[in-house]
1. I'd like the full set of residues that are farther than 16 Å from Ile135 by Cα and within 13 Å of the chain's Cα centre (by Cα), limited to the stretch 94-116.
2. Cβ contacts < 8 Å: first residue closer than 15 Å to Pro55 by Cα, restricted to the stretch 127-144; second residue among the basic types (Lys, Arg) and exposed (fewer than 10 other Cβ atoms within 10 Å of the Cβ), any location; separation 6+ or different chain. Result?
3. Keeping to the stretch 51-63, report how many residues are surrounded by 22 or more Cβ atoms within 10 Å (Cβ to Cβ) and either closer than 14 Å to Leu138 by Cβ or of a type outside the set (Gly, Ala, Ser) (or both).
4. In the stretch 120-167, which residues are under 28 Å from Gly68 (Cα atoms), among the acidic types (Asp, Glu) and either assigned to a loop (DSSP other than H, G, I, E, B) or open to solvent by 100 Å² or more (accessible area, probe 1.4 Å) (or both)?
5. Condition first: under 16 Å from Trp62 (Cβ atoms) and either open to solvent by 50 Å² or more (accessible area, probe 1.4 Å) or part of a loop (DSSP other than H, G, I, E, B) (or both). Now tell me which residues in the stretch 73-89 satisfy that.
6. Just to be sure, is Gly92 at pLDDT 95 or above and not in a loop (DSSP other than H, G, I, E, B)?
7. Where the second residue is not in a helix (DSSP H, G or I) and the first is under 12 Å from Gly89 (Cα atoms) and lies in the stretch 110-124, which pairs have Cβ atoms under 6 Å and are six or more apart or on separate chains?
8. Quick one: how many residues across the stretch 101-114 are open to solvent by 30 Å² or more (accessible area, probe 1.4 Å) and more than 28 Å from Tyr142 (Cβ to Cβ)?
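The values are calculated or read from the model by the stated rules, or taken from the named source; none is laboratory data. Everything numeric here is computed off the predicted structure, so don't read it as measured data. Note that each Cβ is placed from the backbone with ideal geometry, even for glycine, and that neighbours are counted across all protein chains shown. Heavy atoms of the whole protein, side chains included, go into the accessibility calculation; ligands, DNA and RNA do not. Shrake-Rupley method; radii C 1.70, N 1.55, O 1.52, S 1.80 Å.
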Amino acid sequence: MKPNPTSTPRPSRWRRVSLAAFAVLGSTAVALASVDASASGTGDDARSRLTLFAPAGAGGGWDGAARGAQQAMRAQGIVNNAQVVNIPGAGGTIGLTKFAGMGGESTTMMLMGITMLGAININGSDTTLEDVTPIARLTEDYDVLVVPADSPYNSVEELVADWKRDP
C-alpha cells in the first residue's frame, strides 16, 4: 500500500519511549500518592522500593517503557529505589498471571499494552485484565496493514472489498 501523504508521521522509537516514560511518570506520581509515598522512611512503601513489572523480555517495548519510567522517577526524586523485573512469555500473560497473584502489593506496578489483550485471548489465559486494576493509559498503538509494492491494492477499502468478494 502506498503511504498516505496526509497522515501524521510516526514518532521515532526514542521519542515514543520518552513520551511513554513521561506519561508513566505522571501516572506513577498519582499511584505513589495513593500508597502513601510521603512516608518514605520505613522502607516498606512504594517510594522506598518500587518494582516495575515488564511482562516481556529485556529490550522490548514494555521493558523500554518500564526502564524509562524507572530513570525518570529516580531523576525526579519520586522514588528512592525502583527496579524493573522482566517476566517474559506467552505475550505477557505469564507476567500478568504472576502480577495478579500478588493481590494488594502496593509497591509493585506493571506496564503492558494492547498486545496483552490479544495474548489473553489467543493463549486462553485464565488471568485477564479483570484480575488487575489499570490506572492509566499512556500510549496508543498504531495498526498497520502492509502489502507488497506490486500489490493490486492501493487502499484498505480496495483490499476489504476484494476480501468480501473472495475471502
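1. If the condition is that a residue be farther than 16 Å from Ile135 by Cα and within 13 Å of the chain's Cα centre (by Cα), then Gly95, Thr115 are the ones that fit.
2. none
3. 5
4. Of everything in the stretch 120-167, those that are under 28 Å from Gly68 (Cα atoms), among the acidic types (Asp, Glu) and either assigned to a loop (DSSP other than H, G, I, E, B) or open to solvent by 100 Å² or more (accessible area, probe 1.4 Å) (or both) turn out to be Glu130, Glu140, Asp141, Asp143.
5. Gln83, Ile87, Pro88, Gly89
6. On the way: at pLDDT 95 or above: yes; not in a loop (DSSP other than H, G, I, E, B): yes.
Criteria met by Gly92.
7. Ile120/Thr128
8. Number satisfying all stated conditions: 6.
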